[in-house]
Amino acid sequence: MGRQADRQDPALSGNGQWLASLVEREGTPAVLLQEQPSGRRIPLPQLRGLTPHRSPSLSWNGRYLALLVQQGPRRLAVVEDRARGRLHRLQLPAGLELERLSLAPDGRRLAVAAVAQGRSQVRLFDLSGFLEPDLPPAWAVRGAPAVSGEAP
Amino acid sequence: MAAGLAALLSGCLGPGPMPMQGLNRSLAEQGSQGEPSLSGRWLALIANRQGRDRVELVDVERQRPVPLPGLNRPDALPLSVSVSADGSRLAVVRQREGRTELVLHRRTVMSSEPIRMEPEGVPRRATLRADGREIAVEVSRGGLVQVDLIAVP
């Protein structure tokens with residue numbers, strides 16, 4: 001049997017149904033998305049060719065997977081919208097050497113850690129202009145009115 | 001193939017991320033930071049203050065830092081932080097007394113509880129589920145790096 005692959009940098013969806021992590025694929029870190037608790041692997045064809053991957057982050061229901069990818073010499077922040085099968089390439093200010101990111105569970109905001117002019121800094125971005133929110137299921141409303149015929 | 005990839009990417013541009021200028025300016029004035037964790041209205045990060053790394057929590061909507069009594073210790077070096085969506089829990093991997101440990105900090109009681117790795121291993125990074133009920137931990141164990149899922153009450 002071959003050696004078990006290292007698995008790093010885990011991220012859970014808000015509802016706990018999805019786990020993203022990084023595994024070595026042909027010597028390069030690539031994101032692995034799995035349903036929990038079955039461990040079923042979910043293909044991510046739009047991310048092929050953009051390795052190494054870094055810093056995966058999932059939204060509440062796992063609709064969005066944000067991560068850092070490599071395209072040629074550039075490290076990019078992308079968001080895969082699994083509901084629509086689209087890959088959003090985020091246009092962040094030039095000159096940032098991206099280190100990590102964190103997507104808010106509702107998908108409305110993104111935090112990135114980036115080095116600029118030799119200093120690491122965290123910056124926030126509002127994504128609500130182009131990502132639909134990925135929200136948890138609604139809470140049941142308390143104090144429902146009595147059904148007709150029942151005492152209030 | 002490259003052209004196809006470019007088309008795939010460029011076809012999804014549209015409106016881009018908008019920098020949150022006020023908060024970014026405020027963060028930029030406060031020295032170097034890293035390891036961001038964004039959840040709900042909360043941003044947790046590790047900031048360097050006067051040569052020491054410490055965990056900080058920012059209320060993004062009010063654009064102001066929130067105190068974390070009972071979390072930062074002079075003998076501990078935080079490596080990774082993650083916050084729950086309601087801001088009540090933070091999972092922190094830190095070095096202390098020559099060991100690396102994972103702690104769950106509950107803001108409501110201002111205390112940090114160590115979480116043991118079973119079987120024994122060295123935690124390297126932790127991510128809290130948004131509802132705060134589970135932690136995914138990157139653990140170094142016997143020469144292998146693995147991910148453990150730990151339910152927290």
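Among residues of the range A:3-14 that are more than 7 Å from chain B (Cβ to nearest Cβ), those with a Cβ under 7 angstrom from a residue that is buried (at least 20 other Cβ atoms within 10 Å of the Cβ) and in a strand (DSSP E or B), sequence gap 6+ or separate chain, pair up as A:Ser13/A:Leu58. When restricted to residues that are under 17 Å from B:Asn72 (Cβ atoms) and small (Gly, Ala, Ser), the range B:84-139 contains 5. Among the residues in the range B:49-58, are any closer than 24 Å to A:Ala66 by Cα and surrounded by fewer than 14 Cβ atoms within 10 Å (Cβ to Cβ)? Checked the range B:49-58: no residue is closer than 24 Å to A:Ala66 by Cα and surrounded by fewer than 14 Cβ atoms within 10 Å (Cβ to Cβ).
Look at the range A:1-36 and say how many of its residues are polar (S, T, N, Q) and loosely packed, with under 14 Cβ neighbours inside 10 Å. Number of matching residues: 2.
Specify the residue that is nearest to A:Ser128 (Cα to Cα); the eligible residues are those in the range A:79-97 that are at the interface with another protein chain (Cβ under 8 Å from one of its Cβ atoms) and in a strand (DSSP E or B).
Start the filter on the range A:79-97 by keeping residues that are at the interface with another protein chain (Cβ under 8 Å from one of its Cβ atoms), which leaves A:86-93.
Next, only the ones that are in a strand (DSSP E or B) stay: A:86-89.
Details: A:Arg86: 16, A:Leu87: 16, A:His88: 13, A:Arg89: 15 Å.
Top of the filtered list is A:His88.
For the range B:39-53, the candidate set comprises residues that are facing another protein chain (nearest Cβ under 9 Å) and free of Cβ contacts under 8 Å to residues at least 24 places away in the same chain; within that set, the residue that is nearest to A:Ala111 (Cα to Cα) is B:Ala47.
For the range A:52-62, the condition of being at pLDDT 95 or above, in contact with a strand residue (DSSP E or B) (Cβ under 7 Å, 6 or more places away or on another chain), in a loop (DSSP other than H, G, I, E, B) and among the hydroxyl-bearing types (Ser, Thr, Tyr) holds for at least one residue.
Out of the range B:101-132, which residues are more than 7 Å from chain A (Cβ to nearest Cβ) and within 19 Å of A:Gln17 (Cα to Cα)? If you could, list the steps in order and put the result at the bottom.
From the range B:101-132, those more than 7 Å from chain A (Cβ to nearest Cβ) are B:101-124, B:126, B:128, B:132; that's our starting set.
Result: B:Ala126, B:Leu128, B:Gly132.
Looking at B:Glu61 and the list (1) facing another protein chain (nearest Cβ under 10 Å); (2) within 15 Å of A:Phe125 (Cα to Cα); (3) of a type outside the set (Phe, Trp, Tyr); (4) not in a strand (DSSP E or B), which single condition is not satisfied? With respect to (1) facing another protein chain (nearest Cβ under 10 Å); (2) within 15 Å of A:Phe125 (Cα to Cα); (3) of a type outside the set (Phe, Trp, Tyr); (4) not in a strand (DSSP E or B), B:Glu61 is out only on (1).
Among B:Ala85, B:Ala28, which is at the interface with chain A (Cβ under 8 Å from one of its Cβ atoms) and surrounded by fewer than 16 Cβ atoms within 10 Å (Cβ to Cβ)?
B:Ala28
The values are calculated or read from the model by the stated rules, or taken from the named source; none is laboratory data. From a predicted model like this one, the values you see are computed outputs, not experimental measurements. Counting neighbours? That spans all protein chains shown, and the Cβs are built from the backbone with ideal geometry, glycine included.
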